[in-house]
Structure formats: C-alpha cells, structure tokens
1. Hey, can you tell me all the residues within region 196-244 that are in a loop (DSSP other than H, G, I, E, B), small (Gly, Ala, Ser) and over 20 Å from Thr141 (Cβ atoms)?
2. Would you tally the residues in region 52-67 being crowded, with 19+ Cβ neighbours inside 10 Å and either in a loop (DSSP other than H, G, I, E, B) or more than 18 Å from the chain's Cα centre (by Cα) (or both)?
3. Among the residues of region 3-51, how many are aliphatic (A, V, I, L, M), without any contact (Cβ under 8 Å) to a residue 40 or more places away in the chain and open to solvent by 20 Å² or more (accessible area, probe 1.4 Å)?
4. Taking region 48-86 as the search range and keeping residues that are under 23 Å from Ala163 (Cα atoms) and of a type in the set (Phe, Trp, Tyr), which one is modelled with the lowest pLDDT?
5. Could you count how many residues in region 153-166 are among the aliphatic types (A, V, I, L, M), out of contact with any strand residue (DSSP E or B) (no Cβ under 8 Å at 6 or more places or on another chain) and open to solvent by 50 Å² or more (accessible area, probe 1.4 Å)?
6. For region 219-243, give me each residue that is surrounded by fewer than 19 Cβ atoms within 10 Å (Cβ to Cβ) and either under 16 Å from Val119 (Cβ atoms) or of a type in the set (Val, Ile, Thr) (or both).
7. Can you report the number of residues in region 206-218 which are open to solvent by 20 Å² or more (accessible area, probe 1.4 Å) and polar (S, T, N, Q)?
8. Only one residue in Gly142, Gly148, Gly169 is in contact with a Leu (Cβ under 8 Å, 6 or more places away or on another chain), open to solvent by less than 40 Å² (accessible area, probe 1.4 Å), assigned to a loop (DSSP other than H, G, I, E, B) and not acidic (Asp, Glu). Which one?
Amino acid sequence: MQWVIGVLGALFVAGAAYRKGSLSLSGMLAAVVMGAIYFGAGNAFWFGILLLFFISSSLLSKLKAEHKEELERSYAKTGRRDAGQVFANGGLGMLLVLLSAVYPRSEWELLFVGVMAAVTADTWATEIGTLSGKPPRSVLTGRKLPTGASGGVSLPGTLAAAAGAAMIGAASWLLQQLAGMQGPSFTALAAAGLVGGLAGAFADSLLGATVQQMNRCDVCGREVESGVHCGRPAVHHRGWRWMGNDAVNAVSSIAGGAVALLVGVLI
C-alpha cells in the first residue's frame, strides 16, 4: 500500500508540474519514478523533503519569469526540468533512500539532508540572484560578471541560498517527528542543512568558474552553457567537456552531503 500511495502521490504532483510547465514529459516520468521510490522505500521524511525542494524551486522559477526569459537562452537547462535535471537534483537522494531501507543508519539521513539542502540552496540562489539589480561577482577573482554567468555570486543569491538550506534543515526535523523516526537532533539537522547547503552552493559556483563546460556564441560573443545561442551552434570555450550543468549539480550535491554529515556527526 505504501508503494501505491507513493506512485499516486508522485503522479499527482508531477502531473500538476507538467501541466504548469515546470516539468517536460521526460521530467514528469522521472519525477513519478523518483517520488514513488522516495515514499515507497522511505516515508514522509524523505518524500516531504523532496516535495519541499521541488515545489519551492518551481514557484521561484516562475517569479518574474519574463525577466529570466532572456537569461535562460544562455543556460544549458531552463526552468522546464527534464529527466536529466530531475535525476541530477534528486538521484543521489534516491540512492540514499534505498540504502537506508536496506541498512538503516542515521548517517544516511544527514547525508540526505545535506544533498537536498545543497540543490535547494543552489536553485534558490540562481532564481533570486538573477533578479538582483547589481551584477554578480566571480567567486574566484571578485570581478563583475554578466547576470546569470556561471561562477558568479551575489549577496541576494547568497542570502537566498542560506534561506533555502535552512528551510530544508529545519523542516527535516519536523518531518522526522511526523514519520515517527528516531534520528539526529534538531540542532544537528538544522546545522547540517544550513552548512551543507551553503557548501554545496559554493561548490557549484566554484565548479562553474573553473571546470564546467562553457561555450562561446559566435554571434554575440557571450559565454554560455547552451550548445546553441543566437540561432547558431556555440563553440567550446573552456572547461571539461563532460562537466555539464547536470554533472556540476551532482558533484556539488555530493559535496553538500559530505559537509552535512561532518557537521551532524560533530554536533
């Protein structure tokens, strides 16, 4: 019955997101599979945190969407998430759900909170940071960058990242209580979420400034993530060719999970 509830719940949420344009068809199918596993192999703790990330990020992506439309043309991925984005953001968490089902340990929960706090922090930072009236600055050099450029950080974006990470950390304790779980304390989960989330968001910016694959548009000369810009194929400019946006998200979420585990264990 728990698996049936998981499938139906995931289908309802993913279907609504597909109708609203937050998910592509492949993204919807991936979200149904993922949501079913989160609830079927886990419980309200795992599924609830996934929902918090997905719903909050989807709502923020619609905030002043017309302002972000031009910027999205330079991104490898847009606000309409496909299967690759869904698994890049939630795939590691899904693995942790399965590991916890087979070999229950509180360390899986801390890792999970850090992973989800990292992807939430990064998404919130991007969605809010691009609305800032001031240009971001390079996380490496501090020089000004175009709005939306990979490797850029801003004060509004950083505050948004902290808010998203803190939300995941605090909510994880509440969901843990609702699920009847005996796990890490509120202090441990809240600190793990906040610090792990910020670490993951910072890792994302650092990777974006150094090794993420970036292309250059032959028409406007702009550095972009996407393979096509101004109606023309963009050419490789820098970074590792295999380190695309989804790979960056996955690596930075691993970093967030590792830091969250360390923080939770120390507390």
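The values are calculated or read from the model by the stated rules, or taken from the named source; none is laboratory data. These numbers come from a predicted model, not from an experiment. No Cβ is skipped: glycine too gets one built from the backbone with ideal geometry, and neighbour counts run over all protein chains shown. Quick note on the areas: whole protein, heavy atoms, side chains included, nothing else; ligands and nucleic acids left out. Shrake-Rupley method; radii C 1.70, N 1.55, O 1.52, S 1.80 Å.
1. If we filter region 196-244 for residues that are in a loop (DSSP other than H, G, I, E, B), which is where we start, we get 211-213, 217-222, 225-227, 230-231, 234, 239-244.
Those still in the list that are small (Gly, Ala, Ser) too: 221, 226-227, 231, 234, 239, 244.
Matches in region 196-244: Ser226, Gly227, Gly231, Ala234, Gly244.
2. The number of residues fulfilling the criteria is 0.
3. Residues flagged as aliphatic (A, V, I, L, M), without any contact (Cβ under 8 Å) to a residue 40 or more places away in the chain and open to solvent by 20 Å² or more (accessible area, probe 1.4 Å) within region 3-51 amount to 11.
4. Phe54
5. Taking region 153-166 and keeping what is among the aliphatic types (A, V, I, L, M), we get 153, 155, 159-163, 165-166.
Retained after the next criterion (residues that are out of contact with any strand residue (DSSP E or B) (no Cβ under 8 Å at 6 or more places or on another chain)): 155, 159-163, 165-166.
Filter again for open to solvent by 50 Å² or more (accessible area, probe 1.4 Å), leaving 155, 159.
Residues flagged as among the aliphatic types (A, V, I, L, M), out of contact with any strand residue (DSSP E or B) (no Cβ under 8 Å at 6 or more places or on another chain) and open to solvent by 50 Å² or more (accessible area, probe 1.4 Å) within region 153-166 amount to 2.
6. Val219, Val228, Val235
7. Final tally of qualifying residues: 2.
8. Numbers: Gly142 fails: in contact with a Leu (Cβ under 8 Å, 6 or more places away or on another chain); Gly169 fails: assigned to a loop (DSSP other than H, G, I, E, B).
Answer to the check: Gly148.
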